[in-house]
Amino acid sequence: MTEAQTSAPVEPTEVESPIINSPFAEPAVHWQIERGKQPVQAVGRRPASYFYRVPESSGRGRKSKQQLSLEGDLDVGQQEDLPLVNWLRNRLKEWRDGARTGIPYDGASSITKELLALWRGDESLRRQRLFFAQIEAAETIIFLVEASPIYRKGMPELPIDQPGEGAREAGFSAFIRYACKMATGTGKTTVMGMLSAWSILNRVASPTDDRFSDTILIVCPNVTIRERLQELDPALGDTSLYRTRQLVPPHRMDELRRGEVMIANWHRLAKKETSSVNGTSAKVVKTGEATEVVKNAGKANESVETRYFESDRAWLKRIRQELGSGKGRSPHWLVFNDEAHHAYRRGDTEALVDLEEDRSLAKKNAKEATIWIEGLDRINKLAGGRKKGIGFCIDLSATPFYIQGSGNEVGKPFPWIVSDFGLLDAIESGLVKIPQLPTRDITGAAEASYFNVWRWVEARAEKDGLGKSITPQIVMTYATAPINQLAQDWHARFEQWRRDSRDELHPVPPVFILVCRDTKVAAEVYNWLANEEGGYGPAPSWFRNTTGNEVTVRVDSKVVEDLEVGGTADETQRLRFILDTIGKKTWPGGKVPESWSELVRKNNEKAASDDNDGAYKWIDERVPPGRNIRCIVSVAMLAEGWDANTVTHIVGLRPFGSQLLCEQVVGRALRRRSYALNQETDQFEEETAKVFGVPFELIPFKVSKSKDPKPPKEPNHIFSDPDKSQYEIEFPLVEGYYSPQVFELQIVWDQVSQVTVDPKEIPNSVELNSMTAPEGSLAFFGPGERPVLTLADWRKQFRLQQVAFRLAREVCKRWEGEQDLDRESEVTTSTATLFSKVAFAAKRFLQEKVNCIGNADPRDVLLAGKYHQQAVDILFEAIRKGGITRARELPRIAKGSAGRGSTRFVDYHTTKDVYPVNRCHLNAMVADTKQWEQSAGYALDTHPGVVRWVKNEQLGFFMPYRKNGIPARYIPDFIAVLDIGLTLVIETKGRYGDDADLKAKAAERWVNAVNEEGNWGLWRYLVVKDPTMLPRLLDENALAKWDQQAGVGL
């Protein structure tokens, strides 16, 4: 019997490696998994689809609650295709390749093609490649707007989000919506940046093209996301997302800043009550629009009250002033709905909701959606004047489905989804952690007990005679077991992280989340974990709070709501700072928020008070309050936008009425910690999150353990070391070359004639007399005043520099006239190029070649045409003889920081081997070879003539060239600065073929151009065919020699 026959069978829901695709390419294969069958790796991409089943909270078509509790419900529902998405995927690929017309991206503008080329660039063009999920989402929207009609022919009809009958009667009309479904962690913010840049730059280039807009509005669910999205403001320049993620070329940033990006949480779209006018209550003066508000609805004391709110136009004017800068000039806006499953029109389908917490959530969802959509309707009606105010709207969400309280069928997708990169695609591409759920246990039951903890608790309680009403105490009677079991695994992960980060200054722990049914269950869980209260047995000691050491926090649903609107209560702010800094070693940007400092001040005053009984401990404000948090007990699923990447374990202690809710809860654990790439496979390493009690049935992956399990290789962190800043190397980011004409002036002054200004020839002082002789002639003697006119006041009109400029202007006019006559001349020099040099020569001419007799002054050459023409003639002839015009090649470098690279910006993770370094700004060197680069690194680090050096890995240093007519980037191996000030660009190359020769010529061109420009010091290119020869080559260029080294080694 073979080894394969004797090995244990693989479980039907178990695969050897869930990650099978590169995150940077379209998925080429997918896991085809069917219940009861072996998983098969199928060729091609998974078709876009979704699973729908009637939610458990619905009263139609579902099993009884008893059946759900005792029998379980393993049916994932009916699989439904997304035909529009699948059609667009195929046609987008044709458009990308130019399959129908022979022109890739046929119909797209030159601006769009420039952006697409930048976005799709590989590691030679970008420091960080964009994910395929991001590029596909952006390309889909661009296709719908710009693609040539031949590619859009036959497209399925796009459903329109029509307003209700009442809204239409009020003058509101539909606007186009496109939804992009992108799993958590796939980079929705970057997609908003890509499409904002695309729209603004195209609008600036074509101000009358109404397909584009330079006025962008982004609406999001809460203050946390709003603050995070501020990086989409073009006014931030090089610190904006457009440059940190290389979404816009540096030379386009000035154009981008001519657009406007407004960012608002949905609460800002609510109409404000007109509370007073000139100090008088609006209820008295009745200003604004009257609205009837029902108070105490359904109760005995129900009443109707009339309130007055601002008009639609007053509302639009206010939000335009509050949110915008007025830069955007488009009559219509481009709108993004972030976390768009909150933005829907209310339907009339009623769902049965059992839990009070869920009823509250449904009401909150309904209010949020109403304010959100009504705000967009008002913009569409008013912002564009006679035209529609919204060009189109882009919805971004991991779950663009109707939610509880929507009045629509919960779990049904928005019908205008045009792009889909779902959770299974994200898992197979390694973009997210792999959620691991219980598949079987010792009971042998068809469903593992902890797969749905709530259902298991209900079954155990009923079997043990505790009834069907599940109290918090009953929950804890059973739930402590799965909590303790998963917490033990958390502790193993905690110890592993601690070992891996022993060299880090402030290591952070993994995070354990419990999602509870209601506040009462949450309180019971929290008191047991944080304080070991309740009598349910020992709680995991790692989650116990002590005075001054809070490791477990509780977040109730009302607190979450207060967090969303930016509540200012101390406890709300405290929890917000805790949640915002979970997983953060230091404060973002190294700056402590003022409001946190104020909270700390209040605490520390109480800690120092004589009344302090030990309940308050002194707090160091420099330590982020969430850094050491290990456990979160939550009622709600935590606000969207909470993107901590250290969550590793989740326990669900509540019923889950839909797969949508399951995916949203599991999503809190999906963000990866590391994006270090396996260079051999072009894939990310696996990261996992373990989940109990969240019955997400659409995650079929369970990581299979091999016979000889090996832990995944921990990525190495490569970064610029602040303590080694003396080894920083700066370099120009050359995008291309240009050849300006250069006019050089070499005048032989000994051969230049002089101009003599002689007052005897042209007087510069004149006396006047008012008397004349009887015959009418002037009388030299006689009574009366005799004024003397000199050139003193006249000379005050001109500084010597002005005289030189006037002479230079006349010389340049003559030069230009001569060039017009000599039309056959191949080399011409512009007047602008010539003037500055002639002006300098004219000033020297005035100082050295103007012979002033008596009280004459060089400025007097402007007095008489004789002097003026003589000076112009002499200068022109001297310049004609001494002027040389030639062309030189200079590098095209963006202005400011966009054109300056530095080792200071290096910060990445890699699974490649690393080696220690001394005279390098980075903490370590990454090698792509087994010996060659290591040997070269040793020579550079120990040669006494090398002042500082760096391996060119993720540095952003490149040399542009063309290969087979296609623009390419050459990335040499090393940069080294020598003791004589020379900077070497070093390439280690064993075999020198045609490709190496092409790159060498590109390097020589780069070096010559940079040296010619003269702003970056002196550079030289060096090819090393044997690293053992590098010390000798360094000897030839440096003052200090290899033999003088003092034994400094790696």
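The values are calculated or read from the model by the stated rules, or taken from the named source; none is laboratory data. Not measured: the values here are computed from a predicted model. Note: ideal-geometry Cβ built from the backbone for every residue, glycine included; neighbour counts use all protein chains shown.
Would you say Gly693 is modelled with pLDDT of 80 or more, on the phi > 0 side of the Ramachandran plot and more than 23 Å from the chain's Cα centre (by Cα)? It is true that Gly693 is modelled with pLDDT of 80 or more, on the phi > 0 side of the Ramachandran plot and more than 23 Å from the chain's Cα centre (by Cα).
Across segment 113-125, the qualifying residues are those that are touching a helix residue (DSSP H, G or I) at 6+ places or on another chain (Cβ under 8 Å) and outside any helix (DSSP H, G or I), and the one among them that is modelled with the lowest pLDDT is Leu125. Can you find a residue that is among the basic types (Lys, Arg) and either crowded, with 22+ Cβ neighbours inside 10 Å or without any contact (Cβ under 8 Å) to a residue 24 or more places away in the chain (or both) anywhere in segment 236-246? No; the residues of segment 236-246 include none that is among the basic types (Lys, Arg) and either crowded, with 22+ Cβ neighbours inside 10 Å or without any contact (Cβ under 8 Å) to a residue 24 or more places away in the chain (or both).
Among the conditions (1) exposed (fewer than 15 other Cβ atoms within 10 Å of the Cβ); (2) closer than 28 Å to Tyr675 by Cβ, Ser836 misses just one, which is (2). Only one entry in Glu139, Glu169 is charged (D, E, K, R), within 31 Å of the chain's Cα centre (by Cα) and farther than 17 Å from Tyr344 by Cβ, namely Glu139.
Checked against (1) farther than 17 Å from Tyr737 by Cα; (2) of a type outside the set (Lys, Arg); (3) assigned to a strand (DSSP E or B), Tyr961 passes all but condition (1).
Being more than 30 Å from Pro435 (Cα to Cα) and part of a loop (DSSP other than H, G, I, E, B): is that true of Gly185 here? Here the answer is no, as Gly185 does not meet what is asked.
Table: residues versus (1) part of a strand (DSSP E or B); (2) surrounded by fewer than 20 Cβ atoms within 10 Å (Cβ to Cβ); (3) touching a helix residue (DSSP H, G or I) at 6+ places or on another chain (Cβ under 9 Å); (4) modelled with pLDDT under 90.
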| residue | (1), (2), (3), (4) |
| --- | --- |
| Asp941 | no, no, no, no |
| Val950 | yes, no, yes, no |
| Pro972 | no, no, yes, no |
| Ala976 | yes, no, yes, no |
| Leu984 | yes, no, yes, no |
| Gly990 | no, yes, yes, yes |
| Leu998 | no, yes, no, yes |
| Ala1003 | no, no, no, no |
| Ala1009 | no, no, no, no |
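When the residues of segment 85-103 are filtered to those that are among the hydrophobic types (A, V, I, L, M, F, W, C) and at pLDDT 95 or above, the one that is farthest from Trp416 (Cα to Cα) is Trp95. Can you find a residue that is at pLDDT below 75, loosely packed, with under 15 Cβ neighbours inside 10 Å and among the polar types (S, T, N, Q) anywhere in segment 791-798? Scanning segment 791-798, I find no residue that is at pLDDT below 75, loosely packed, with under 15 Cβ neighbours inside 10 Å and among the polar types (S, T, N, Q), so the answer is no. Residues in segment 438-472 that are in a helix (DSSP H, G or I), surrounded by 17 or more Cβ atoms within 10 Å (Cβ to Cβ) and of a type in the set (Asp, Glu): Glu458 alone. When each of Asn645, Asn603, Asn612, Asn628 is tested for being at pLDDT below 85 and of a type in the set (S, T, N, Q), the lone residue that passes is Asn612. Residues considered: Val508, Val525, Val475, Val515. Of these, the only one that is crowded, with 18+ Cβ neighbours inside 10 Å, of a type outside the set (Ser, Thr, Tyr) and in a loop (DSSP other than H, G, I, E, B) is Val508. Determine if segment 151-172 includes at least one residue that is over 23 Å from Glu260 (Cα atoms), in a loop (DSSP other than H, G, I, E, B), assigned by TED's automatic domain parsing to the domain that holds Ser397 and of a type in the set (Ser, Thr, Tyr). No; the residues of segment 151-172 include none that is over 23 Å from Glu260 (Cα atoms), in a loop (DSSP other than H, G, I, E, B), assigned by TED's automatic domain parsing to the domain that holds Ser397 and of a type in the set (Ser, Thr, Tyr). Residues that are over 19 Å from Val551 (Cβ atoms), within 19 Å of the chain's Cα centre (by Cα) and in a loop (DSSP other than H, G, I, E, B) within segment 581-596 comprise just one, Trp587.
Note on segment 1-52: residues that are among the β-branched types (Val, Ile, Thr), outside any loop (DSSP other than H, G, I, E, B), over 24 Å from Met182 (Cα atoms) and modelled with pLDDT under 65 amount to 1. Looking across segment 377-429 at every residue that is β-branched (Val, Ile, Thr) and not in a loop (DSSP other than H, G, I, E, B), the one that is farthest from Phe131 (Cα to Cα) is identified as Ile379.
Of all residues in segment 427-444 being touching a residue at least 60 places away in the same chain (Cβ under 8 Å) and of a type in the set (Gly, Ala, Ser), which is nearest to Trp490 (Cα to Cα)? Checking each candidate, the answer is Gly430. Kindly establish whether Asn918 is at pLDDT 85 or above, polar (S, T, N, Q) and part of a strand (DSSP E or B). So Asn918 fails the test. Every test in (1) modelled with pLDDT under 90; (2) closer than 30 Å to Ile966 by Cβ; (3) not aliphatic (A, V, I, L, M) is passed by Glu136 save one, and that test is (1). When residues in segment 696-741 are screened for being surrounded by 12 or more Cβ atoms within 10 Å (Cβ to Cβ) and either farther than 28 Å from Ser449 by Cβ or modelled with pLDDT of 90 or more (or both), 21 of them pass. Among the candidates Thr903, Thr829, the residue that is at pLDDT below 75 and surrounded by 17 or more Cβ atoms within 10 Å (Cβ to Cβ) is uniquely Thr829.
In this entry, Arg228 is excluded by the filter for residues that are modelled with pLDDT under 90 and more than 17 Å from the chain's Cα centre (by Cα).
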